[in-house]
Amino acid sequence: MKFSLALPREALSIPVIRRVLGDALRGLGVSDDCVADILVATSEACTNVIQHARSSGNYEVIGCVDDDACVLKIMDWGRGLRKADSDEDRGILSESGRGIKIMRALVDDLNIESVPDAGTVVHLQKRLTWRDEALIRRLEHQLMHSAG
């Protein structure tokens, strides 16, 4: 499955992407825990776009789901990342930077590319776990019987 959504850089877009992505993953039979991890990581990436992109207009979420993994790209066309303050300068209770730590904890691979005046792309990849009754599992079973 592949999809691409262009969303307005507004907080109301986050429930939309959560609904579309969550329904698609659950419909395919991805386990609930795996879906939850992907949705939280995606929400964090989209929240960062809304809060930090420093541009107007849309951002884009592109996704690809196969039998092994879910790969997502969250892209904006803002001014790119600003030089981050060090952890010591932010203070122990600061929320800044927490989203990246959350994403890193929930997905198998996180990569952030940022180009000044061209935008930022967040790459998320998560290995999928499946429910026993998953559509993918049923299709594999049918193929095995028809090939045998």
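The values are calculated or read from the model by the stated rules, or taken from the named source; none is laboratory data. Because the structure is predicted, anything quoted here is derived from the model rather than measured. No Cβ is skipped: glycine too gets one built from the backbone with ideal geometry, and neighbour counts run over all protein chains shown.
Pairs, please: C-beta under 6 Å, at least 6 apart or cross-chain, first residue on the phi > 0 side of the Ramachandran plot and in the stretch 102-113, second surrounded by 14 or more Cβ atoms within 10 Å (Cβ to Cβ) and assigned to a helix (DSSP H, G or I)?
From the stretch 102-113, no pairs qualify.
Just to confirm my filter: which strands (runs of 3 or more DSSP E) fall fully inside the stretch 27-127 and include at least 1 residues that are surrounded by 15 or more Cβ atoms within 10 Å (Cβ to Cβ), of a type outside the set (A, V, I, L, M, F, W, C) and modelled with pLDDT of 95 or more? Before the answer, list the steps.
Numbers: elements: 58-65, 69-76, 109-115, 119-127.
Counting at least 1 such residues, we get 58-65, 69-76, 119-127.
Under 8 Å between Cβ atoms, which residue pairs at least 6 apart in sequence (or on different chains) link something in the stretch 121-135 that is closer than 27 Å to GLU60 by Cβ with a partner that is assigned to a strand (DSSP E or B) and of a type in the set (Ser, Thr, Tyr)?
Partner pairs satisfying both residue conditions: VAL121/SER114.
Would you check which residues across the stretch 1-26 are of a type in the set (Lys, Arg) and crowded, with 18+ Cβ neighbours inside 10 Å and list them?
Applying the first criterion (of a type in the set (Lys, Arg)) to the stretch 1-26 yields 2, 9, 18-19, 26.
Answer for the stretch 1-26, where residues must be of a type in the set (Lys, Arg) and crowded, with 18+ Cβ neighbours inside 10 Å: just ARG9.
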